[in-house]
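> My questions all concern the structure below.
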Amino acid sequence: MLTLSWTTSVDTSMVKHCSNIEYGNERLPGGKGGLQFVLVGLVLLLACLLVLVYVHLTAAIADLSRRLESVEGRLDLHRSPADVDHVKVSNPEVKTIKGKGKEYMSGTVMNESLADITGRSSRSGLRRRRDGHAGSRTREYTNLGCWRDTRNHAIPTLEGTDPRLDGVYWARGKATEKCYQVALSRGFPVFAVQAGGYCSGSADAHNTYKKYGPSTACASDGEGGPRANEVYWITGLDQCEAHLCQNNATCRTRRDGYTCTCTKGWYGKYCQHSEYMLSYDPPLRFVL
């Protein structure tokens, strides 16, 4: 039998030489310096990865915010206002008028001539609707114009308070009519529609809807716009049925709501403050 053997010898001086690693002009003991260098590199790489993740997350959040804002505002960018006046007569008694520009909304007017209507802004015109039942009387509401809004709404929301305000507001059919019905059922004299269907209303809305000033962002369909309320006043409702007057004050209706006439000794918007408040007359006595 033929036997082969392999012998390996290691020069001990070479082992001692390799046990010391030079880095720059410094000699690091053993292999610890190289290990530290690798660890520093790994830490730097990890930091770079974290920065990249942060940048991507920030960009994704910004994009999501823009998308949510676009959905919330809905902006009716796909809705183009009419460029010219158009009149369609389907019945001698009923004329449907569509005005041009965002400042002119569409509405149905009974027994009125076109000249009478086009001579004034449709925002102050009368919109008449039926309740949807045969023989029911006509309900009326008047447009009070387009008014700016913010996240801190000028008029409290009615969303989620009634089954008629179903689904997502921007896909809701007959949004203005449904909002009107809900406000009417609660005795609210003023209601508003925003961003294609978002419904708002309250007993005090006639005092708050102008909070942020007028807007030109409302679409021509009468359903408001992004951060813009199309405001309506219910003309067929006794405004004083849901009044907030206090201390035996007298409620008096007006075109866009009501006012409170205070009795003697009371003042304020709702006559909630007393004139007979305890005052201090220095230095010795109190006077009532």
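The values are calculated or read from the model by the stated rules, or taken from the named source; none is laboratory data. On a predicted model such as this, the values are computed, not experimentally measured, just so you know. Cβ coordinates were reconstructed from backbone atoms using ideal geometry, including for glycine residues, and neighbour counts include every protein chain displayed.
> Please find, among Leu45, Leu57, Leu4, Leu28, the residue that is at pLDDT 85 or above and farther than 30 Å from Pro226 by Cα.
Values: Leu57 fails: farther than 30 Å from Pro226 by Cα; Leu4 fails: at pLDDT 85 or above; Leu28 fails: at pLDDT 85 or above.
Going through Leu45, Leu57, Leu4, Leu28 in turn, the sole match is Leu45.
> Something else: Could you tell me whether Ser200 is at pLDDT below 95 and farther than 19 Å from Arg254 by Cα?
Considered against the rule, which asks whether it is at pLDDT below 95 and farther than 19 Å from Arg254 by Cα, Ser200 comes out as no.
> Looking only at segment 227-245, filter to residues that are outside any strand (DSSP E or B) and at pLDDT 80 or above; which one of those is surrounded by the fewest Cβ atoms within 10 Å (Cβ to Cβ)? Give the derivation first.
To start, the set of residues in segment 227-245 that are outside any strand (DSSP E or B) comprises 227, 235-245.
With at pLDDT 80 or above added as a condition, the list becomes 227, 235, 245.
On the way: Arg227: 19, Thr235: 15, Cys245: 21.
Here the answer is Thr235.
> Just to be sure before I move on: is Leu144 at pLDDT 50 or above, assigned to a loop (DSSP other than H, G, I, E, B) and under 22 Å from Ser220 (Cα atoms) in the structure I sent? Steps first, answer last, please.
Working: at pLDDT 50 or above: yes; assigned to a loop (DSSP other than H, G, I, E, B): no; under 22 Å from Ser220 (Cα atoms): yes.
In short, no.
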